Amino acid sequence: MQLNLTSPYIFIKHACMASLLLTVGVSCANKKTAAQITADSLAKCAAEGIPSRAAAIQQADAIAAGKADTTGMVWIAGGSYLMGSDDFPDSRPVHQVSVDGFYMDTHEVTNAQFAAFVAATNYKTIAERPLNPADYPDVPADKLVPGSAVFTPTPTQVALDNPLQWWSYEPGAHWAQPEGKGSSIKGREHYPVTHVSYEDAAAYAKWAGKRLPTEAEWEYAARGGKKEQKFYWGNELKPGNKWVANIYQGHFPDKNTREDGYIGAAPVKSFPANAFGLYDMEGNVWEWCSDFYRPDAYQHSGTKNPKGPADSFDPEEPGAVKRVQRGGSFLCSDDYCIRYKAGSRGKGEVTSGSNNLGFRCVSDKQ
């Protein structure tokens with residue numbers, strides 16, 4: 001069975017508190033009973049009112065802008081290309097786009113790099129901040145604990161219509177405790193940082209004197225100057241019978257055969273770089289882009305340095321503010337999520353994170 005990732009994937013991004021809400025048996029934002037929630041589509045319930053992981057503290061505004069250092073970045077000369085894909089409704093139409101040159105991080109921001117940011121600024125990610133009881137009036141106060149969404153394999157094969165079977169809200173999970181309380185990033189300093197919301201990624205980028213890439217810049221860089229192909233690395237899933245990206249092998253979500261050597265995220269630079277010298281532009285962890293998400297964005301896109309629409313709208317969750325995510329993750333496979341394919345798009349609610357979501361930065365020519 002092949003599914004479009006967006007509905008189940010984005011549900012957990014937008015409503016990563018959902019499992020906690022269901023566990024304590026409350027209504028869907030005071031609109032539905034627990035029994036009705038069980039009977040209804042969980043995604044529909046989320047769209048009708050389960051609040052996102054909202055932040056009460058806007059720390060990003062307090063971060064001092066740093067001076068860009070292009071160490072660890074590569075210069076991407078500007079150019080034109082065909083952006084998008086005919087394989088996905090929200091990636092149509094394929095259209096000509098040109099971008100100016102820019103610097104881009106050679107790899108995803110690592111735990112070590114993010115730790116340096118936190119040490120310098122005392123920044124608290126959204127996953128670490130207290131929840132506002134007013135957002136969850138039916139949830140007991142002792143259940144309102146900081147945390148984030150963590151993937152856990154199911155013990156057996158399951159239908160792929162309910163992502164809460166493999167996603168759970170893990171109290172205490174955040175960038176420095178990726179699996180929750182008791183876990184740590186010790187020994188994983190060179191792994192991509194995860195559990196970062198859009199706000200968190202933007203705050204880091206500001207501190208580093210950089211910014212998040214536009215969707216057009218990200219795709220141009222991922223294509224590596226190649227003509228249109230099925231994948232960013234070529235037309236074969238396993239060129240030379242070798243895995244060239246960290247994606248899911250086996251049967252999702254119960255059996256990862258880890259043929260590529262990794263069951264979760266891999267250390268950065270574990271797989272070959274593309275022609276521009278960039279690593280992990282597909283698979284490993286999703287990466288935030290600066291564009292607001294709309295499924296019809298390409299119908300109205302500019303052709304020169306497009307920055308995306310002026311606001312966000314997703315008909316699946318009309319009340320959620322979403323930004324584009326790109327590249328897929330270690331959970332993508334032909335069974336569940338095929339958005340590591342060239343030109344495909346992802347999306348995420350701006351205050352939510354998970355253990356398969358990270359980012360990288362870009363910088364304009366100084």
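Readers should treat all values here as calculations from the given coordinates under stated rules, not as data from a laboratory. Please read all numbers here as calculations on a predicted model, not as lab measurements. Cβ placement follows ideal geometry from the backbone for every residue including glycine, while neighbour counts extend to all protein chains displayed.
If you average the alpha carbon positions of region 235-261 and of region 292-360, how far apart do those two centres end up, in angstrom?
Going from one Cα centre to the other spans 23 Å.
Would you order 287, 316, 189, 108 from fewest to most other beta-carbon atoms within 10 Å of each residue's own beta-carbon? If you can, show how the numbers build up before the last one.
On the way: 287 28, 316 17, 189 13, 108 25.
So the ranking, lowest neighbour count to highest, is 189, 316, 108, 287.
Quick one: order 286, 175 by neighbouring beta-carbon count within 10 Å, fewest to most. Walk me through the intermediate numbers first.
Working: 286 32, 175 22.
With the sparsest Cβ surroundings first, the list reads 175, 286.
Assign one of three labels to region 70-190, namely rounded, prolate or oblate, based on the Cα gyration tensor with a ≥ b ≥ c the square roots of its eigenvalues; rounded applies when a/c is under 1.5, prolate when it is not and a/b is larger than b/c, and oblate otherwise. List each step's numbers first, then the result.
Details: a/c = 2.08, a/b = 1.37, b/c = 1.52.
Cα axes put region 70-190 in the oblate bin.
Which whole-number percent is the relative contact order of region 238-366 (Cα, under 8 Å, 6+ apart)? Please list the in-between numbers first.
Values: 221 pairs, mean separation 33.1, N = 129.
So the answer I get is 26 percent.
If you place +1 on the Cβ of every Lys and Arg and -1 on the Cβ of every Asp and Glu, how big does the dipole about the Cα centre of region 67-212 come out, in debye to the nearest 20?
Working: 11 positive and 17 negative charges, 106 e Å.
The dipole magnitude comes to about 500 debye.
About its Cα centre, what dipole magnitude does region 280-346 give when the only charges are +1 on Lys and Arg Cβ and -1 on Asp and Glu Cβ, stated in debye to the nearest 20?
Working: 9 positive and 11 negative charges, 66 e Å.
The dipole magnitude comes to about 320 debye.
Summing Lys, Arg as +1 and Asp, Glu as -1, what charge do residues with Cβ under 12 Å from the Cβ of residue 92 carry, residue 92 excluded?
Numbers: positive: 345; negative: 86, 87, 90, 296.
With Lys, Arg at +1 and Asp, Glu at -1, the neighbours total -3.
Placing +1 on the Cβ of each Lys and Arg and -1 on the Cβ of each Asp and Glu in region 194-242, which of 207, 233, 221 has its Cα farthest towards the positive end of the resulting dipole?
233
Could you list 263, 76, 63, 126 in order of exposure, starting from the residue whose Cβ has the fewest other Cβ atoms within 10 Å? Kindly include the intermediate steps, with their values, before the conclusion.
Values: 263 15, 76 22, 63 18, 126 26.
The order, fewest Cβ neighbours first, is 263, 63, 76, 126.
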